[in-house]
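Worksheet: one structure, shown below.
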Amino acid sequence: MTARIALKSDVLIVGAGIAGCATALQLARRGKLVTLIERDQAGIRASGVNFGGVRQNGRDLRELPIAMRARAMWDELPGLIGFDGEFRATGNLRLASDEERVAQLDRFFTAATEQGLGLVRLDRAELKARYPWLSDRPIRGVLCPSDGHANPRLVGPAFAFAAQEAGATLIEHTEILEGWYANGAFHLRAADNRTFAAPMLVNCAGAWAGKIAGWFDEPVTLAPEIPQVQVTEPLPYRIEPVLGVMGGDFYLRQTFRGNILFGSGQGRATPDALRSRPLPETMRRGAEIAIAFIPHLAHVPIIRAWTGVDGDTSDGVCVLGPSETHPGLFHAFGFNGHGFLLGPAVGAVIAELILGGKTSTDIAGLGIGRFRPARKASAAPARGQHPDEERDASPEQNGAQNADRGSIGMERNEQAAGAHQRAEHGQDR
Ligand SMILES: Cc1cc2nc3c(=O)[nH]c(=O)nc-3n(C[C@H](O)[C@H](O)[C@H](O)COP(=O)(O)OP(=O)(O)OC[C@H]3O[C@@H](n4cnc5c(N)ncnc54)[C@H](O)[C@@H]3O)c2cc1C
């Protein structure tokens with residue numbers, strides 16, 4: 001038996017990572033009654049364990065408009081969440097080591113410059129002159145001076161706190177198991193059998209969001225992205241920009257305290273993606289790459305490694321915008337291991353869409369419709385019905401199981417063997 005909770009909401013949000021919390025904050029500030037529901041605790045999943053890169057450099061061009069809007073918002077964090085998130089614009093230096101990657105980097109440089117992103121192109125000699133700690137390996141660099149890094153452990157929870165201060169209700173330790181649309185409202189049932197209802201729903205469930213989209217006949221296959229990061233003992237501060245390597249799945253930054261954080265490769269996650277851990281062989285490979293780019297790092301002790309889980313779409317860019325099946329439903333997920341930067345602007349864009357029906361940011365390439373499966377018209381969901389009344393609308397029959405299998409049930413190498421068409425810019429943070 002289900003017990004309806006006495007909580008009036010204009011908007012329900014599933015998932016209190018940076019995307020959900022930023023959305024809750026923007027909506028609550030504009031007077032909406034928001035209920036934010038989180039399985040664990042706010043900001044402790046991908047949003048709280050990431051590498052901290054705040055990067056427009058090398059973005060897929062479909063994500064560049066929202067990335068540029070987000071970057072401007074990082075300067076406004078004190079007004080939004082009460083402190084600066086330890087964001088520093090140290091720059092992001094993207095490196096290429098072979099002619100194919102140089103060509104990709106040059107294409108990005110030209111296209112992003114046309115879109116107004118400030119970039120500096122550097123040849124090998126210029127790289128050496130500016131960054132004497134770099135090896136001879138990179139032959140081209142593109143510096144984005146406005147990029148930098150921040151502290152993810154503080155930023156996600158701070159968005160959650162600010163959202164509550166603005167009036168949003170945060171309900172933690174509550175997993176949503178089922179959702180449906182009926183009688184003009186979205187309904188959610190939690191594991192403890194509480195139900196929630198509101199005329200608007202935002203799906204910000206991170207690596208698990210494909211399943212929620214499936215409840216509303218828009219399943220998206222998300223592969224778990226399990227970036228593995230490690231950190232050294234502190235060294236004298238020398239490496240100012242965040243480094244990324246074209247196509248190399250390698251990224252590195254130095255904290256002001258001196259520790260070097262770097263990441264490469266993937267860890268391992270349980271099939272439900274709720275637990276993940278670093279792999280020793282990934283650590284070793286990452287250390288080899290780090291030394292290949294910065295020879296001085298040889299023999300520096302590594303003190304810790306960790307992982308987290310994000311969701312990868314098949315084309316490497318996020319899903320952001322309204323549902324195509326259910327007016328009042330909005331999606332913000334599939335950030336492919338680089339959604340930390342985007343968080344603040346995700347909230348602003350979704351709030352604009354909810355409040356005014358349109359956004360000033362170009363999100364044309366990010367719609368969920370690009371994953372619409374070819375299906376017969378008769379397979380469409382019976383809208384407006386509770387699943388108990390009409391099993392046609394149940395997740396089992398509308399494709400959510402496929403989303404499930406494709407998201408958190410696959411082994412990593414199965415996904416790698418899949419037909420993923422990744423963005424050409426690679427997978428660094
Ligand atoms: C190790 C690592 C390094 C990274 N480095 C960077 C970086 O340097 N720069 C960058 O830009 N990005 C980086 N990322 C990616 C970035 O962290 C994510 O893209 C971003 O945090 C996604 O935010 P989110 O709110 O969508 O997801 P999350 O933070 O994962 O939040 C989603 C929330 O939804 C909740 N949830 C899911 N299902 C349910 C349910 N059924 N009921 C209730 N709650 C539910 C989850 O518990 C979770 O808290 C990295 C990610 C990882 C893991």
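Nothing in this text is a laboratory measurement; each read-out follows from the coordinates by a stated rule. What you see is a predicted model; the values in this text were computed from it and never measured. Positions of Cβ are backbone-derived with ideal geometry, glycine not excepted, and every protein chain shown enters the neighbour counts.
Overview of values
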| item | result |
| --- | --- |
| The stretch 242-302-the stretch 54-103 distance, computed between alpha-carbon centres (Å) | 20 Å |
| Size of electric dipole in the stretch 256-334: Cβ of Lys, Arg +1 and of Asp, Glu -1, about Cα centre, debye, nearest 20 | 520 debye |
| Size descriptor, Kirkwood hydrodynamic radius, that averages inverse alpha-carbon separations across the chain, Å | 21.9 Å |
| Alpha-carbon radius of gyration plus Dmax, which is the widest Cα pair, for the stretch 173-298 in Å | 20.8, 64 |
| Cα-centred dipole magnitude for the chain, charges only on beta-carbon of K, R (+1) and D, E (-1), debye, nearest 20 | 540 debye |
| Ordering of 221-229, 134-142, 77-85, 112-120 by packing [mean C-beta count within 10 Å, highest first] | 221-229, 134-142, 77-85, 112-120 |
| Selection from Ile18, Ala209, Thr270 lying farthest towards where the dipole of the chain points positive, charges on Cβ | Ile18 |
| For q = 0.12, 0.13, 0.17 Å⁻¹, Debye-computed log10 I/I(0) when each Cα of the stretch 1-143 counts as one equal scatterer | -0.68, -0.76, -1.05 |
| The chain: DSSP helices with Cα axial extent of at least 24 Å and average Kyte-Doolittle hydropathy no lower than 0.0 | none |
| Set of aspartates and glutamates with alpha-carbon distance to Lys32 below 19 Å, sequence-local pairs under 8 removed | Asp10, Glu165, Glu352 |
| Directionally averaged shadow of the stretch 100-225, computed from the convex hull of its alpha-carbon atoms, nm² | 13.0 nm² |
| Cβ charges +1 (Lys, Arg) and -1 (Asp, Glu), total dipole of the stretch 300-366, debye | 220 debye |
| Met68, Met246 arranged by Cβ crowding within 10 Å, fewest neighbours leading | Met68, Met246 |
| Of Ala112, Gly258, Val346, farthest towards positive along the dipole that unit charges on Lys, Arg, Asp, Glu beta carbons give the chain | Gly258 |
| Residues Tyr131, Tyr237 arranged by fewest to most Cβ contacts within 10 Å | Tyr237, Tyr131 |
| Karplus (6.51, -1.76, 1.60) ³J(HN,Hα), θ = phi - 60°, over the stretch 360-365, in Hz, Gly and Pro reported as x | 7, 9, 6, 10, 4, x |
| Over 12 Å [Cα-Cα, the stretch 178-230], rounded percent | 70 percent |
| Order of Asp147, Asp315, Asp123 - criterion: other Cβ atoms within 10 Å of each residue's Cβ, fewest first | Asp123, Asp315, Asp147 |
